[in-house]
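Where a number appears in this text, it was derived from the coordinates with a stated rule and is not lab data. Quantities reported herein were computed from a predicted structural model and do not represent experimental measurements. Note: ideal-geometry Cβ built from the backbone for every residue, glycine included; neighbour counts use all protein chains shown.
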Amino acid sequence: MKPGSALVREIIIRQLDVAPDQLVPEARLMADLGADSLDIVEIGMKLEEDLELSLPDEELEGRETFGDLCQALAVHRSRQR
């Protein structure tokens, strides 16, 4: 299993078809990377599937950047230990 941020990076690159160098922590998923609401849902579902966990919607809501999403995942995983 890949560490959380590496997996988030891989999923976003595939889902949004963006270049790896575009994926900096402050990159806004919708405004900078072109994601729409369906992309965000699909990214969350893929994370759940790959990490074998359940991410409540409220933990992902309002996460605007790649860094925000990585941080939310790290917090969620730390609570699960």
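Computed over neighbours whose Cβ is under 15 Å from that of Asp17, the net charge equals -3, Lys and Arg +1, Asp and Glu -1. In this structure, the amide hydrogen of Thr65, modeled 1.01 Å from its nitrogen in the peptide plane, lies closer than 5 angstrom to those of Leu29, counting only residues at least 5 positions away or on a different chain. Under the convention that each Lys and Arg Cβ holds +1 and each Asp and Glu Cβ holds -1, the size of the dipole of the range 7-65 around its Cα centre is about 220 debye.
For Cα extents along the principal axes in Å, the value calculated from this model appears in (1) 33, 32, 22; (2) 44, 23, 21; (3) 33, 24, 20 under label (3). Ranked by the mean number of other Cβ atoms within 10 Å per residue, highest first, peptides 39-50, 55-66, 7-18 order as 7-18, 39-50, 55-66.
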